[in-house]
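Asker: The following block contains the structure, expressed as structure tokens.
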Amino acid sequence: MSTPGSDAMVDPVLLGNTTNASRPPSTAMSAPPVAPPLRSTMESTDSTARKGREEFSLKDLEQLLRAVIDINPYMVPRNKIGERWKQVARLVQDQGYCLNRDVDTLKNKVGSMLYAPWEGGEKDFSSLSTGKGAGT
């Protein structure tokens with residue numbers, strides 16, 4: 001048994017010395033591997049590029065607003081609102097516009113165009129036809 005101050009070898013890790021040359025190289029501590037970056041710094045940080053969204057074209061917006069004016073989903077009884085928005089989507093998409101967009105997306109787009117310019121505009125456009133919208 002060794003006593004303090006004897007010639008027995010003390011583990012350098014216990015003493016906080018990890019640079020001991022007597023330790024075999026296979027057990028020497030090395031720095032942890034560095035993880036690669038999650039995305040390249042050359043990639044775009046534009047939100048549309050990350051989410052894979054496509055902007056509405058000017059012609060899409062024009063045709064969407066024309067259909068909303070023609071069908072008028074805002075001035076119908078509450079139980080007919082969804083049916084009217086489906087008609088809007090069908091009309092616009094049959095003409096070749098707003099393809100691959102669902103009814104809720106079209107409804108939210110129209111709502112954002114109508115109410116976004118005013119402060120306090122609604123974020124949820126489900127109540128627009130009930131007279132509870134912004135500015136009332």
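The values are calculated or read from the model by the stated rules, or taken from the named source; none is laboratory data. Please read these numbers as outputs of a predicted model, since none were measured by experiment. Heads up, the Cβs are rebuilt from the backbone with ideal geometry, glycines too, and the neighbour counts pull from every protein chain shown. Protein only, heavy atoms only, side chains kept; ligands, DNA and RNA dropped before computing areas. Shrake-Rupley method; radii C 1.70, N 1.55, O 1.52, S 1.80 Å.
Rundown of residues vs (1) surrounded by 15 or more Cβ atoms within 10 Å (Cβ to Cβ); (2) modelled with pLDDT of 60 or more, yes/no style:
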| position | (1), (2) |
| --- | --- |
| Thr19 | no, no |
| Ser26 | no, no |
| Ser40 | no, no |
| Ser57 | no, yes |
| Leu61 | yes, yes |
| Ile69 | no, yes |
| Asn100 | no, yes |
| Ser112 | no, yes |
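Asker: Next up: For the subset of region 72-83 comprising residues that are under 12 Å from Lys107 (Cβ atoms) and assigned to a helix (DSSP H, G or I), which member is least open to solvent (accessible area, probe 1.4 Å)? Show your work before the answer.
Answerer: From region 72-83, those under 12 Å from Lys107 (Cβ atoms) are 73-74, 81-82; that's our starting set.
Subset that is assigned to a helix (DSSP H, G or I): 81-82.
On the way: Ile81: 22, Gly82: 42 Å².
Checked region 72-83; the qualifying residue least open to solvent (accessible area, probe 1.4 Å) is Ile81.
Asker: Of the conditions (1) open to solvent by less than 90 Å² (accessible area, probe 1.4 Å); (2) on the phi < 0 side of the Ramachandran plot, Gly96 satisfies every one except a single condition; which number is it?
Answerer: The failed condition is (2).
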